[in-house]
Structures are given as C-alpha cells and as structure tokens.
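Student: This is the structure, below, for whatever I ask next.
Values in this text are rule-based calculations from the coordinates and carry no lab data. The structure displayed is predicted, hence computed values, not measured ones. All Cβ positions, glycine included, derive from the backbone under ideal geometry; neighbour counts span all protein chains shown.
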Amino acid sequence: MAEPLSVAGLLTEKDVRKLTRLARGGTVGPTAVYYAGVTAPIISASMSVLMRNAMEMVGASPYWQWFISALCAAFAGIAWYLIFIRWSYRHTHGRGTETTLETHIALEDDGLIVRRGGIETRATWDSVTDVSSSGGQIAIRLDGAAPLIIPNAWFGKDKAARQAFLARLKEKVPA
C-alpha cells in the first residue's frame, strides 16, 4: 500500500478562470447559441409578415412592402440574436466557493478524494480520464464530473513534492 499523497490550497480568480476554460470552451454555452440561432429566424419571419401586412394596409406598393418587411425582419433577427447571446453570457467564473474555501486533494490507493468545506468527492481511478501538466498547473479530467486543477503554487517551492504527486497521478490513471 502506497503512502497517500495530498495537497491543499485556495484557488485564485485566475485559477478559477483556467478551470472554467478547461470545463467549457467559452463563456456562452452551446445550448444558448443553439436557441439564439433557432429563435432568431422565427422572430425574423414573424416580423416580416407583420411589417408586410402593415405596409399593405397603408397602401404601399408591392416593392416597398417587401423591401421594408425584409429590412425590418433582418434587423429583428440580428437584434434578437444579440440580445439572447447577451442574456446568456456568463459574467463570473466558478461557483463562488473556489476562492474562499481551501481545496484538499488526496491520492489514495482506491482513488482520489477532493474536499472543499463540508463537501467531499471521491473518484475511483477508473473515472480519471486524463492527467496533464502545463501552464503552471496540473489538470485532472474526470468522467462524469467537472475537471480539477492543482496550481503549482500549492506545492510552494517543493518541486519534488509536485513531481511525486504528478508521478502518482500518472501511475494510477488507466492508459
């Protein structure tokens, strides 16, 4: 039985931004983009019909009916898309406790244990899909859970401890 290795520390705002980028590709999720893209043409088509009927009621020529309705439809679709994306934009990264509660990560024989405040999460080694080290951090991807990052600062100036922790992680992760 190997001796458990552990590390603990607080994430900085910069670390939380890195964690967010690791977990998702952007600040607007794919569902928001999908719905903005699906609803914008519907809004455009509806606006086109309304404007054409209004222009017909005031006696405009067919040319002006179609021209004005197409112009209004284009602006309505673009405006709706931009408004929807703005509503969907995430302004803050993380869930709020990453920078205020210490995170403790322990490597044990049966898996890794992550504790933050009163929450403890256990992951078996089978659920760890990838371990990488770059950009001043160790990144751990889990199957079915959010990824983890361990900033190099958590190890202080002890590079041997960081190397031992990373080596144990890579040793335990199924190839």
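Student: Normalised by the number of residues in the stretch 30-88, what is the relative contact order in percent for Cα pairs under 8 Å and 6+ residues apart?
Tutor: Once divided by the residue count of the stretch 30-88, the mean separation gives 49 percent.
Student: OK, next. Fewest to most neighbouring Cβ within 10 Å: what's the order for Asp126, Asp15?
Tutor: Ordered from fewest to most neighbouring Cβ atoms within 10 Å, Asp126, Asp15 come out as Asp126, Asp15.
Student: Arranged by the count of other C-beta atoms within 10 angstrom, fewest first, what order do Phe67, Phe155 take?
Tutor: Lowest count first: Phe67, Phe155.
Student: Return the long-range amide H neighbours of Val128 (sequence gap of 5 or more, or a different chain), with a cut-off of under 5 Å between placed amide H atoms.
Tutor: For Val128, the qualifying residues are Asp143.
Student: How much length would be gained if the chain were fully extended between Glu13 and Asn152, taking 0.36 nm per residue of separation minus their Cα-Cα distance, in nm to one decimal?
Tutor: 48.6 nm
Student: State the extension gain, in nm to one decimal, for the chain segment bounded by Ala45 and Ala74, taking 0.36 nm per residue of separation less the distance between their alpha-carbons.
Tutor: Gain in length upon complete extension: 9.5 nm.
Student: Could I ask something else about it? Sort Trp80, Trp66 so the one with the fewest other Cβ atoms within 10 Å of its own Cβ comes first.
Tutor: Trp66, Trp80
Student: Could you calculate the contour length gain from Ser61 to Trp125, that is, 0.36 nm times the residue separation minus the distance between their Cα atoms, to one decimal place in nm?
Tutor: Between Ser61 and Trp125, full extension yields 15.9 nm more.
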